[in-house]
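The values are calculated or read from the model by the stated rules, or taken from the named source; none is laboratory data. Computed from a prediction, not measured in an experiment: that's the story for all the values here. So basically every Cβ, Gly included, is an ideal-geometry build from the backbone, and we count neighbours across all protein chains shown.
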């Protein structure tokens, strides 16, 4: 059985790599959804793990384990490469929704993956602003 593809932003991947409030939900989604990501997601995940370490939410061992899990997950995900089209789409999204530049790039990459037809495509994020923008753009948000 092949898993259904879904676009994952880094906020949905980090809980797969270290224990978080959303880990149980992220794991259930991971068991049923293949991972499509923006090309810089690996950088964002490592950055997020490092931020958790600096904040004292995880220790050095948890950081190393989480980093290894992230690299393992990355071997099987489908990255969406950067392009001028995605950059232009991200700029347009910034005018429509209250997103950071990184989140606008995530959503633009998801729109590229969906070939501009997000209806019926799944977008996974635990970031409320990004979830709402993805929903408004037409994605099914889980």
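Going by the structure shown, is residue 44 assigned to a helix (DSSP H, G or I), exposed (fewer than 13 other Cβ atoms within 10 Å of the Cβ) and free of Cβ contacts under 8 Å to residues at least 60 places away in the same chain? No. Looking only at region 56-78, residues that are within 15 Å of residue 43 (Cα to Cα), surrounded by 13 or more Cβ atoms within 10 Å (Cβ to Cβ) and out of contact with any strand residue (DSSP E or B) (no Cβ under 7 Å at 6 or more places or on another chain) come to 8 in all.
Restricting attention to region 47-66, which residues are over 19 Å from residue 103 (Cα atoms), outside any loop (DSSP other than H, G, I, E, B) and touching a helix residue (DSSP H, G or I) at 6+ places or on another chain (Cβ under 6 Å)? Answer for region 47-66, where residues must be over 19 Å from residue 103 (Cα atoms), outside any loop (DSSP other than H, G, I, E, B) and touching a helix residue (DSSP H, G or I) at 6+ places or on another chain (Cβ under 6 Å): 53, 63, 66.
Condition check for residue 31 on (1) assigned to a helix (DSSP H, G or I); (2) without any contact (Cβ under 8 Å) to a residue 40 or more places away in the chain; (3) over 16 Å from residue 124 (Cα atoms): one failure, at (3). Confirm whether residue 29 is surrounded by 18 or more Cβ atoms within 10 Å (Cβ to Cβ), out of contact with any helix residue (DSSP H, G or I) (no Cβ under 6 Å at 6 or more places or on another chain), within 20 Å of residue 142 (Cα to Cα) and outside the structural domain of residue 135 (by TED's automatic domain parsing). Yes, satisfied.
The set of residues from region 88-108 being surrounded by fewer than 17 Cβ atoms within 10 Å (Cβ to Cβ) and either assigned to a loop (DSSP other than H, G, I, E, B) or in the same structural domain as residue 39 (by TED's automatic domain parsing) (or both) comprises 98, 100. Here residue 76 meets the list (1) in contact (Cβ under 8 Å) with a residue 40 or more places away in the chain; (2) in a helix (DSSP H, G or I); (3) within 15 Å of the chain's Cα centre (by Cα) almost entirely, failing just condition (2). Restricting attention to region 124-142 and to residues that are assigned to a loop (DSSP other than H, G, I, E, B), in contact with a strand residue (DSSP E or B) (Cβ under 8 Å, 6 or more places away or on another chain) and at pLDDT 95 or above, the residue that is nearest to residue 77 (Cα to Cα) turns out to be 125.
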